[in-house]
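The values are calculated or read from the model by the stated rules, or taken from the named source; none is laboratory data. All values reported here derive from a predicted model rather than from experimental measurement. Cβ coordinates were reconstructed from backbone atoms using ideal geometry, including for glycine residues, and neighbour counts include every protein chain displayed.
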Amino acid sequence: MAAAAAAKEQGGVNKEGEKLFVYRISTAEEWEALQRNGSTFGGELDKTTGCFHLSNLHQVQSTLQNFFLDINRDLYLLQIDAEKLGEGLVYEAVDGSNVFPHFYGPSRSFSPLPFDAVTKAEKLALSALFQLLCIMFGMNEIQ
């Protein structure tokens, strides 16, 4: 668990004093519900496991690659202020070398993800997904 402890800095800032963010790949429906209701309990995977599955910025591409390529819906990348998630944000090893952030809520009570923790939301453009596919299959980008 030393790797998990090292992944999270104190007070939502890193060693350089910069804010820490985690990222959520969200369907358009989930993003709209979050805006409308002020919070969301996420998708079926989140409800089943009792936590929100998040990524660090350097993990977003592989998360898209591994879990979202076959989804035929609009997707959004949500930037979330780690500090606003408080102690409910836990970094956990998912295999021997990868540590991912998960949001459980206080006392691991599976609390909804609050809208006010989202600092930015960007629709993932089809061109970005196409570039990801090109990288995956070793193709050069079409000019």
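Taking the range 78-91, which residues are surrounded by fewer than 19 Cβ atoms within 10 Å (Cβ to Cβ) and not acidic (D, E)?
Matches in the range 78-91: Q79, K84, G86, V90.
Among L57, L77, L64, which is of a type in the set (A, V, I, L, M), under 11 Å from the mean Cα position of the chain (by Cα) and farther than 25 Å from S111 by Cβ? Show your work before the answer.
Details: L57 fails: farther than 25 Å from S111 by Cβ; L77 fails: farther than 25 Å from S111 by Cβ.
When all the criteria are applied, what remains is L64.
Restricting attention to the range 104-129, which residues are within 29 Å of D70 (Cα to Cα), surrounded by fewer than 17 Cβ atoms within 10 Å (Cβ to Cβ), over 14 Å from the mean Cα position of the chain (by Cα) and of a type in the set (S, T, N, Q)?
Passing the criteria: only S127.
With respect to V94, is the statement that it is modelled with pLDDT of 85 or more, among the aliphatic types (A, V, I, L, M), exposed (fewer than 15 other Cβ atoms within 10 Å of the Cβ) and closer than 23 Å to S109 by Cβ true?
Numbers: modelled with pLDDT of 85 or more: yes; among the aliphatic types (A, V, I, L, M): yes; exposed (fewer than 15 other Cβ atoms within 10 Å of the Cβ): yes; closer than 23 Å to S109 by Cβ: yes.
It is true that V94 is modelled with pLDDT of 85 or more, among the aliphatic types (A, V, I, L, M), exposed (fewer than 15 other Cβ atoms within 10 Å of the Cβ) and closer than 23 Å to S109 by Cβ.
P101 is checked against (1) within 15 Å of K47 (Cα to Cα); (2) surrounded by 19 or more Cβ atoms within 10 Å (Cβ to Cβ); (3) not hydrophobic (A, V, I, L, M, F, W, C) and fails just one. What number does that condition carry?
(1)
Quick one: how many residues across the range 39-77 are surrounded by fewer than 15 Cβ atoms within 10 Å (Cβ to Cβ), hydrophobic (A, V, I, L, M, F, W, C) and under 18 Å from L124 (Cβ atoms)?
4
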